[in-house]
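Have a look at the structure below before the remarks.
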Ligand SMILES: [Zn+2]
Ligand SMILES: [Zn+2]
């Protein structure tokens, strides 16, 4: 690695509120010390199963780092989420697996989907695809990454940014992505955090990849939880950000909890108990029924927000939106 690259090594966001620092230590203890590969020096890589890698991508604006997962099937491999669009992630995946890599973002947000443009095949829920077609451009990238603003952390080389544009294949709820033979990944749409927000169920590996829909949010991590802002004005399909829609989808998903053993989230601790989903169901039901009976108040980016906690889960909401939602 060149001297230049060494200076540009990612600096992780140490967000105690979201448990980033303790997460790295925990990962090192559980899976061995992370690797950084020359082909893409912008992610920290742990091999967490025989056919699964977890990669931590540092945030470009000091908010919190996020997880990218690489799952290898018999014929091809898939990146579930693909980070900020910095570095040759696809090349890294092809190096690690020796197979063609495709990708499936859980939702359109720039920490999960901005790397999509480097892949020939991008699969996501149809609402996510509609939104991505309007937002995979430099303007959206700069805005999400706070380019030029005080909190911007330009730790990367411009030449390592991947193409912005992509044209995702729009999937229906419960569509199957096949990785060869009988290795199937099911898309499960849940909405809430983003209109197209989806989980991906690796049926063979018995792992549910949960994006920003379900988190293992421990006692000392009040900043980590399912962020539910309600329908965002001007965003396509924003009716699927409705709290009750997310609640109904989560109740249905929780019924299927026997189909996976572990949850892998987009932020914070990973390799979490399957019950993260049932705990989140209990939290969102409580929040919709009685939002004023919250457990914690947190200062969010858009003012005061409220956490409802159940077990390992937190859901975070704006009180006025939740109350308005309750009345109509
Ligand atoms: Zn998100
Ligand atoms: Zn996220």
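Give me the Kirkwood hydrodynamic radius of region 3-327, using the inverse of the mean 1/r over all pairs of distinct Cα atoms, in Å to one decimal. Walk me through the numbers before you get to the answer.
Numbers: mean 1/r = 0.0511 Å⁻¹.
So the Kirkwood estimate lands at 19.6 Å.
Out of all DSSP beta bridges in region 3-327, what portion is antiparallel? Express it as a percent rounded to 5.
Numbers: 41 of 57 bridges.
Among the beta bridges of region 3-327, antiparallel pairing accounts for roughly 70 percent.
A simple spin-label model places pseudo-atoms 7 Å from Cα toward Cβ; at residue 143 and residue 239 they are separated by 2.4 nm.
Compared with the alpha-carbon gap, the fully stretched path from residue 28 to residue 319 is longer by 100.9 nm at 0.36 nm per residue. When each of the peptides 59-66, 180-187 is scored by the mean number of other C-beta atoms lying within 10 Å of its residues, the order from highest to lowest reads 59-66, 180-187. Applying 1/(1 + (r/R0)^6) with r as the Cβ-Cβ distance of residue 75 and residue 169 and R0 = 22 angstrom yields a FRET efficiency of 0.80. Note on residue 301 and residue 203: the model spin-label points, each 7 Å out from Cα along the C-beta direction, lie 3.6 nm apart. For the chain, the longest principal axis of the C-alpha atoms and the axis of helix 20-31 are separated by about 60°.
The mean sequence distance of close C-alpha pairs (under 8 Å, at least 6 residues apart), as a share of the length of the chain, puts its relative contact order at 14 percent.
Counted over region 125-243 with a bin width of 10 Å, the fraction of Cα pairs per bin, in whole percents, is 12, 30, 37, 20, 1.
Estimated from the Cβ-Cβ distance and a Förster radius of 35 angstrom, the FRET efficiency linking residue 184 and residue 150 is about 0.20.
Values quoted throughout were computed directly from the atomic coordinates according to the rules given, and no laboratory measurement underlies them. All values reported here derive from a predicted model rather than from experimental measurement. Using ideal geometry, Cβ is built from the backbone for each residue, glycine included, and neighbour counts are taken over all protein chains shown.
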